[in-house]
Amino acid sequence: MFENLSDKLQAVFDRLNKRGILNEQDVDVALREVRLALLEADVNFKVVKEFLARVKLRAIGAEVHKSLTPGQAVVKIVHEELLTTLGEPGKLDLGGPAPHVIMLVGLQGSGKTTTAAKLALRLRNSGMRPILVAADTYRPAAILQLEQLGKQLNIPVHAEGNKIPPPQICQNAVSHAVQGAYDVVILDTAGRLQIDETMMAEVEKIKAVTKPQEVLLVADAMTGQEAVNIADAFNKRLGLTGLILTKVDGDARGGAAISMRAVTGVPIKFMGEGEKPDAFEPFYPDRLAGRILGMGDMLSLIEKAQVNYDEAEAAKTAEKLMSAKFDLDDFLGQIRQIKKMGPLNEVMAMIPGLNKLSKELTPDMTDKQLKRVEAIISSMTMHERHNPDVLNASRKRRVAKGSGTSVQEINQIVVQFRQTQKMMKQMSTNPRMRGLGGMFGKR
Amino acid sequence: MPSLRETLARTRNSILGRIQTVLGQADISDETWDDLESLLLQSDIGAPTTEKLLTNLRKRAASEGIVKASALRGVLRSELVALLGPKATPVHDAKLLLEVIMVVGVNGSGKTTSIAKLCHLYLKHGRKIVLAAADTFRAAAIDQLQIWGERSGVPVIAGAPNSDPGAVVYDAVQASFNRKADLLIVDTAGRLHTKHNLMQELKKLRNVLSRSVHDAPHQTLLVIDAANGQNAINQAKGFAEAVGVTGVILTKLDGTPKGGVTFAIVNELGIPIRYIGTGEKMTDLQEFDPEAFVANLFDEKE
């Protein structure tokens, strides 16, 4: 999915004469690729144009540092400009006397209700007392959805059914929050189109009666060119104080974030990264910038690995590796650890350089191979796993039958395993390499 | 019911309303192509499809001896129609005892609302419908479908929240047979196409259906939010690979002055657009008609 912009630019520069200084012609050619990458990432057309003008100004005449290729130099400038455009991660403004009102607004299906629950959980975890307000009286079961989420997270929900006008409900909720000593009131408003006059007037009224400290636009990371119109309309009507980008866990490049940020000037405050209530993160500009440019998502991978990698297990493996007692059973353990991180091609897609390869591998291909290895080792007895040398022809035939594979495949795995073992032995006898054990055990 | 023309009026105003002004009365120049490109890209048509369109336009301009920029409008119009291909109208096989439609899509694309609208449409055709609430994951998703079911008088088969959606689907098939229904519509949980495990779950649902009913699901409709950009193509690709998509329901077209993603999906993946959702009411669903769609986009008068 992720095409590497650096590689593309490198190809462009390879065709040109290599020079120490970028001239206008080189930059123009390069920027055409950047333009395509940004448009593919759904950055708004006009925003792209302005953005490229800024990059061009910086790039022409820029000295190419010795350690960088011209392609990398351009990518570096683009990346830096992108970070500037995305801005600093925004923090919630919860100063002044409580209760602080946070109003969530957005289109239908952008993820307001889920976000409301995630935000409430986050605030509660930081020691506050939030209350959720069900102000979507239109969508069937929207109130129920918020109530169920509240129950699940043990966070109170203020709801008055769907007969009372939402501005009234919100006003009541704020008074209720004062009496109940809640410090944060989160208003979950109905989804609305920015051009729906009646609905926009309603949300304006909610704002007038509740005086929210934060008006956050909840926007789908998959939004296209329309993002600017959406953000602009909500901002003009309501005066946004921030953006929340949702569904970032998919493969959307998220260029809409740049568009919305550029047109409103308000910071992006959070990103929703999954369906679980805790899948909610502060906004990281560098991560999104890398993603928009298709430069892989190493940080996400590292985090994924951290979450799913069992530290105790890893330490045990490291110790075994070093003592050259690493056997097929440990090998199996390793495979299972990797599998926990997700489909192999998704994991690979996050590694720059490997992402191209990952496109050629279907999830079935890679995961099937892992599964086969797993099946083969699982079909061995413990004795065989600890001492692969005992695997004679008859045993191999049995293992092949048990795992639904062939003797050849078993031979392959044994050979691969031996090579790994040999490498490990060399490492463990070389005192200078001992430190490498930390790679497996510690982070 | 708002007419398609009313619905797309904004689209016309914002992009193709500008096309006349942009093309102007001058002869075709480099600027003409740049302007056209920017109009197409701004309507979410995407770089590859835009490039393809422009190449075709250039070729035709050369071979047909087109000099005036304004004449390109008609050529573009016909190219867009050609991209969408003929109208896809699957005929309901009356011999089918039970037709099964599975509705899939990413979170928040509008699956449940679209199902309510589909119900309304098929009820008008005299079909006897059962709904399966197979989104057992999202809070209150079952209730949402049940409310729509009550409104249109269609039975909804549901399980407990967080129960196995496969079991719900199985029960729904049995219930459809028992009630002598001829159409079962399955509402599935929203999932991002990149979530391997959730896509596997969807495959499983599909298998449960195909084992219980011959050739089921007869239609697998992917719901796509028209406000989505290029990611919609990835969505279509992902769902098509996992469960095979027979058609697309393009939703929220009332507020989106763009439908460009449509061209990219049809052009790059060959998946036809079946319906467009144009509002929040039950009646706001129309069959997708490529000719009408493009004709409306290009209508000069309001």
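Return yes when residue B:202 is surrounded by 19 or more Cβ atoms within 10 Å (Cβ to Cβ), touching a helix residue (DSSP H, G or I) at 6+ places or on another chain (Cβ under 9 Å) and away from chain A (no Cβ under 14 Å) and no when it is not. Spelling it out, it is not the case that residue B:202 is surrounded by 19 or more Cβ atoms within 10 Å (Cβ to Cβ), touching a helix residue (DSSP H, G or I) at 6+ places or on another chain (Cβ under 9 Å) and away from chain A (no Cβ under 14 Å). Counting the residues of region B:205-237 that are assigned to a helix (DSSP H, G or I) and either more than 10 Å from chain A (Cβ to nearest Cβ) or out of contact with any Lys or Arg (no Cβ under 9 Å at 6 or more places or on another chain) (or both) gives 14. Taken together, B:229, B:238, B:270, B:247 contain a single residue that is in contact with a Pro (Cβ under 6 Å, 6 or more places away or on another chain) and either surrounded by fewer than 24 Cβ atoms within 10 Å (Cβ to Cβ) or not basic (Lys, Arg) (or both), which is B:247. Exactly one residue out of A:211, A:205 is touching a residue at least 40 places away in the same chain (Cβ under 8 Å) and in the same structural domain as residue A:190 (by TED's automatic domain parsing): that is A:211.
Here residue A:99 fulfils each of the conditions (1) away from chain B (no Cβ under 14 Å); (2) modelled with pLDDT under 95; (3) out of contact with any strand residue (DSSP E or B) (no Cβ under 7 Å at 6 or more places or on another chain) apart from (3). Being under 29 Å from residue B:192 (Cα atoms), buried (at least 21 other Cβ atoms within 10 Å of the Cβ) and in the same structural domain as residue A:276 (by TED's automatic domain parsing) is true of residue A:225.
One line per residue, one yes/no per condition, for (1) more than 14 Å from chain B (Cβ to nearest Cβ); (2) closer than 24 Å to residue A:137 by Cβ; (3) among the charged types (D, E, K, R):
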{"site": "A:178", "(1), (2), (3)": "yes, yes, no"}
{"site": "A:214", "(1), (2), (3)": "yes, yes, yes"}
{"site": "A:219", "(1), (2), (3)": "no, yes, no"}
{"site": "A:235", "(1), (2), (3)": "yes, no, no"}
{"site": "A:259", "(1), (2), (3)": "no, no, no"}
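Set side by side, the residues A:173, A:141, A:190, A:134 differ, and just one is among the hydrophobic types (A, V, I, L, M, F, W, C), touching a Leu at 6+ places or on another chain (Cβ under 8 Å), within 14 Å of chain B (Cβ to nearest Cβ) and surrounded by 18 or more Cβ atoms within 10 Å (Cβ to Cβ), which is A:134.
Table: residues versus (1) within 21 Å of residue A:88 (Cα to Cα); (2) touching a Cys at 6+ places or on another chain (Cβ under 7 Å); (3) at pLDDT 90 or above; (4) assigned to a loop (DSSP other than H, G, I, E, B).
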{"position": "A:225", "(1), (2), (3), (4)": "no, no, no, yes"}
{"position": "A:232", "(1), (2), (3), (4)": "yes, no, yes, no"}
{"position": "A:236", "(1), (2), (3), (4)": "no, no, yes, no"}
{"position": "A:240", "(1), (2), (3), (4)": "yes, no, yes, yes"}
{"position": "A:244", "(1), (2), (3), (4)": "yes, no, yes, no"}
{"position": "A:250", "(1), (2), (3), (4)": "no, no, no, yes"}
{"position": "A:257", "(1), (2), (3), (4)": "yes, no, yes, no"}
{"position": "A:261", "(1), (2), (3), (4)": "yes, no, yes, no"}
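Just so you know, in region B:77-120 the residues that are part of a loop (DSSP other than H, G, I, E, B) and of a type in the set (Ser, Thr, Tyr) include one that is surrounded by the most Cβ atoms within 10 Å (Cβ to Cβ), and it is B:109.
State all residues of region A:237-257 that are open to solvent by 20 Å² or more (accessible area, probe 1.4 Å) and either under 19 Å from residue B:109 (Cα atoms) or within 14 Å of chain B (Cβ to nearest Cβ) (or both); if no residue qualifies, say none.
Answer for region A:237-257, where residues must be open to solvent by 20 Å² or more (accessible area, probe 1.4 Å) and either under 19 Å from residue B:109 (Cα atoms) or within 14 Å of chain B (Cβ to nearest Cβ) (or both): A:247, A:249, A:253.
Pairs meeting the criteria (first residue in region A:163-184 and outside the structural domain of residue A:132 (by TED's automatic domain parsing), second residue surrounded by 14 or more Cβ atoms within 10 Å (Cβ to Cβ), beta carbons under 8 Å, at least 6 apart or on different chains) are lacking. For region B:155-195, a tally of residues being in contact with a helix residue (DSSP H, G or I) (Cβ under 6 Å, 6 or more places away or on another chain) and within 14 Å of chain A (Cβ to nearest Cβ) returns 5. What are the pairs with Cβ atoms under 6 angstrom where one residue, in region A:223-236, is more than 21 Å from residue B:250 (Cβ to Cβ) and the other, located anywhere, is among the hydroxyl-bearing types (Ser, Thr, Tyr) and modelled with pLDDT of 90 or more? Sequence gap at least six, or different chains. Pairs found: A:231/A:264; A:235/A:264. Would a scan of region A:119-127 turn up a residue that is over 33 Å from the mean Cα position of the chain (by Cα) and either within 14 Å of chain B (Cβ to nearest Cβ) or assigned to a helix (DSSP H, G or I) (or both)? No, that holds for no residue.
Table: residues versus (1) modelled with pLDDT of 85 or more; (2) open to solvent by 70 Å² or more (accessible area, probe 1.4 Å); (3) on the phi > 0 side of the Ramachandran plot.
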{"site": "A:2", "(1), (2), (3)": "no, no, no"}
{"site": "A:11", "(1), (2), (3)": "no, no, no"}
{"site": "A:21", "(1), (2), (3)": "no, yes, no"}
{"site": "A:30", "(1), (2), (3)": "no, no, no"}
{"site": "A:39", "(1), (2), (3)": "yes, no, no"}
{"site": "A:48", "(1), (2), (3)": "yes, no, no"}
{"site": "A:51", "(1), (2), (3)": "yes, no, no"}
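Return the residues of region A:152-170 that are under 34 Å from the mean Cα position of the chain (by Cα), closer than 22 Å to residue A:109 by Cα and either within 14 Å of chain B (Cβ to nearest Cβ) or surrounded by fewer than 19 Cβ atoms within 10 Å (Cβ to Cβ) (or both); say none if nothing qualifies.
A:152, A:153, A:157, A:159
Which of the residues spanning region B:173-198 are open to solvent by 10 Å² or more (accessible area, probe 1.4 Å) and part of a helix (DSSP H, G or I)? Of everything in region B:173-198, those that are open to solvent by 10 Å² or more (accessible area, probe 1.4 Å) and part of a helix (DSSP H, G or I) turn out to be B:174, B:175, B:177, B:178, B:196, B:197, B:198. When residue B:78 is tested against (1) within 22 Å of the chain's Cα centre (by Cα); (2) within 14 Å of chain A (Cβ to nearest Cβ), exactly one condition is not met: (2).
The values are calculated or read from the model by the stated rules, or taken from the named source; none is laboratory data. Treat the numbers as computed from the prediction; the structure is a model and nothing was measured. All Cβ positions, glycine included, derive from the backbone under ideal geometry; neighbour counts span all protein chains shown. Quick note on the areas: whole protein, heavy atoms, side chains included, nothing else; ligands and nucleic acids left out. Shrake-Rupley method; radii C 1.70, N 1.55, O 1.52, S 1.80 Å.
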